[in-house]
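*Asks:* Sending over a structure as structure tokens; questions will come in a sec.
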Amino acid sequence: MKEKHFKEIARLVVGAVLLCGFATLLFATYGAGPGALFERASVFYSFAQNHAWLLLGLYVLRLLFFLPASFVLFLTGMIYGSVLGELIAVIGLTLSGSLEFLAVRSSLSAVFSRTSNRLLLGWQERINRAPFHSILLMRVCFVPFDAVNIAAALARAPFKPFVLATALGITPTSLPIIVSGASVDFKAWAASGRFWPSEGVVNWPYLALSFILMLMIVLHARRLTRLTDSGAIRSAANTPE
């Protein structure tokens, strides 16, 4: 009983420390006003332009700070533009996704393998039946990046098909976000001193192109999903009982 009470107190203390640390980080970031924030962002921007490894490291570090992949993609496009930004994005996401996949598979898959959750078993069966195509379809259909990594790890998918499907699947789906980031002129944005970018900061044709690319990928993903589902239904119907 005392041990249980001690654990609850320890959780409360750890939670309070983390909350205080998060509040301190927010105040240090935003408390000095937009001028100081843009000054720090400009230093990071200038350094990252000459050191691509910094952004590659950010793709890995985002796992520790729970940063969404879309945020890092937008940042990559804003700093490096469409072509180089897309190359960095594919390498960075493939690297961070592989690390997350290996970490989850080695630490949690053994625990979940002993459960009888029907949804989890359904995903395991589908991924193990065709790991490359299943993971590729999830990537193309805009299933959240980290969710695919975790689902594939819990299903104990083979590593090589996971890496290949990830690199191939995120190439088209990351491009619209990269292009939208490239549509923002960071130097003009920083010079304006405003949190929300003004009209002269955004390249509207680029932003429109990102929306068109997103729409094309979504429509193609829906078509692939329908074809996959109809193929699965025919396969099940032709399977002898």
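Matching residues to (1) among the charged types (D, E, K, R); (2) modelled with pLDDT of 85 or more:
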site	(1), (2)
32	no, no
35	no, no
40	yes, no
44	no, no
49	no, no
55	no, no
59	no, yes
65	no, no
75	no, yes
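*Asks:* Please work out which one of (1) in contact with a Ser or Thr (Cβ under 8 Å, 6 or more places away or on another chain); (2) modelled with pLDDT of 90 or more is the condition residue 160 fails and give its number.
*Replies:* (1)
*Asks:* Find the residue count for region 173-205, including only residues that are buried (at least 17 other Cβ atoms within 10 Å of the Cβ), out of contact with any strand residue (DSSP E or B) (no Cβ under 9 Å at 6 or more places or on another chain) and either at pLDDT 85 or above or not in a helix (DSSP H, G or I) (or both).
*Replies:* Number of matching residues: 10.
*Asks:* For residue 226, indicate whether it is part of a helix (DSSP H, G or I), among the basic types (Lys, Arg), modelled with pLDDT under 70 and more than 24 Å from residue 83 (Cβ to Cβ).
*Replies:* Spelling it out, it is not the case that residue 226 is part of a helix (DSSP H, G or I), among the basic types (Lys, Arg), modelled with pLDDT under 70 and more than 24 Å from residue 83 (Cβ to Cβ).
The values are calculated or read from the model by the stated rules, or taken from the named source; none is laboratory data. Computed from a predicted model, the values in this text were never measured in an experiment. Don't worry about glycine lacking a Cβ; one is built from the backbone with ideal geometry, like all the others, and counts go over all protein chains shown.
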